[in-house]
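Each remark here refers to the structure printed beneath this line.
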Amino acid sequence: MKFSPEKKMKLSRISRLKKSLKVRFVFVSCIVAATVLLFILLEIVSFGLNASFSRATPPFLIDTGVLRGAKEGRSLNYLDPLLGVAHNPFTLKTLGHRTFHGFEVHGDPDDRQALRIITLGGSTTECFVGNWPRALYEECKKRKIPVVLFNGGVSSYGSGQELFKLIRDGIILRPHVVVSYDGVNDRGRGNSGGNEGSHRLLHPVHYRIYSQLLWGGPSPLLPNTVAALRRTLFSKNSIEGIEWGLPFTMTSAAGWLLNVRTMNAVASEFGFHYVDFLQPAFGVGDYRPSREEYARVRVPDNDRKELDKFYREALRFSSDQEYIVDLTNVFAGRNGFFRDYCHLDEEGNRLVGHAVFRELESRRWLDRFPSPAAERRRQR
């Protein structure tokens, strides 16, 4: 087919334009690819530089993913400057819980004739369905004992957070009885009592919070590079580090016992009763799981070793302490209560609540008030 000279010239211009666009596209693509590779290389170098400071760039402030999938997990998104994390009271309200500054409340807090009980602990105590403090409260109601119960359990809390919560909030609530329920969260994790090579009374969230304050939050763009620039070029007149306190040289069980002893001392000084219940854990003590339960509940080897070491030592430390009660054998002769290695089903929590009730009843702590001398100290 023959084209006119004008047509040939037009096709030639189109061809040259296409070729020019293709060359430009390839050039721009090479520039973009080179820039991306440069940024990736810069990030890698910055990551190494940050590592030389022994501080990685914190990827997030709080990770609530530990409860992802459970509707209650939405509630653990409040910060507590002393305790690390706290429940969102508005979320708890939508789930039907009555709250008061970090506590779920059962009963009438304005009833001056009611026995005031505080319960402390971690996720095995907190205020969701089937918890043992609710069972304790219901048992008191059944026995016609006027009680107002403040449940201060929060997921991840160990004895260290219980101690802080008791000192900061518990004393102000003017309790007659304070009950701790703990053990599992104190094993070898350093989030509470502390573990070898870490620091006491340090919740994992605290490191993230103060790392953010000291080194700044992660940048959405080139976070390691921005962190490296902050540390090298923009550090004049800035805070240079964090003092976490004395290194923790005790075992985890010794740290737990130290916190429990301190809570008992606080109780003695301020005139209320205190008792710590060493909580049951899967495979600890005389508990013999069924085949179905053993197949369903998987305990990682590291967790098993930590649990065995902690409980062996904790039971030895606490055997002669009247303010510590061993509940590890509360299910002896029965099985099927564990949802995982520490969380119980509704029936298991009911049995724990009844066991706590029986212990408090045997100590005569469920009378309307403690002794007059203790009451005077409590009112000081």
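Where a number appears in this text, it was derived from the coordinates with a stated rule and is not lab data. Small disclaimer: the values here were computed from a predicted structure and weren't measured. Cβ sites come from the backbone with ideal geometry, for glycine too, and all protein chains shown count toward neighbours.
In this label model, ARG364 and ARG334 are separated by 2.9 nm, measuring between points 7 Å along each Cα→Cβ vector. Working from label points 7 Å from Cα in the Cα-to-Cβ sense, the ARG143 to TYR78 distance is 3.1 nm. Taking a straight Cα-Cα cut-off under 20 Å and skipping sequence neighbours fewer than 8 places away in the same chain, the aspartates and glutamates within cross-link reach of LYS144 are ASP108, ASP110, ASP111, GLU359, GLU361, ASP367. Among GLU269, GLU139, GLU322, GLU126, the order by Cβ neighbours within 10 angstrom, fewest to most, reads GLU322, GLU269, GLU139, GLU126.
In terms of modelled amide H atoms, which long-range or inter-chain residues lie less than 5 Å from the amide H of LEU327? Correct list: LEU278. The modelled label-to-label distance for the pair ARG312/ARG288, using points 7 Å beyond Cα in the direction of Cβ, is 2.2 nm. Using only Cα coordinates, the Kirkwood hydrodynamic radius of the range 243-380 works out to 17.1 Å. Amide H to amide H distances under 5 Å link PHE100 with VAL105, where only residues 5 or more positions off or on other chains count and H is placed in the peptide plane. Taking a straight Cα-Cα cut-off under 14 Å and skipping sequence neighbours fewer than 8 places away in the same chain, the aspartates and glutamates within cross-link reach of LYS93 are GLU72, GLU104. Identify all aspartates and glutamates with a Cα-Cα distance to LYS19 below 12 Å; exclude those on the same chain that are fewer than 8 residues away in sequence. Within the straight-line limit of under 12 Å, LYS19 reaches no aspartates and glutamates at all.
Taking amide H as placed 1.01 Å from N in the peptide plane, VAL147 has its amide H under 5 Å from the amide H of LEU115, each at least 5 places away in sequence or on another chain. Between GLU346 and LYS305, the contour length at 0.36 nm per residue exceeds the Cα-Cα span by 12.0 nm. With 0.36 nm allotted per residue and the present C-alpha distance subtracted, the PHE27-THR262 stretch has 77.6 nm of extension available.
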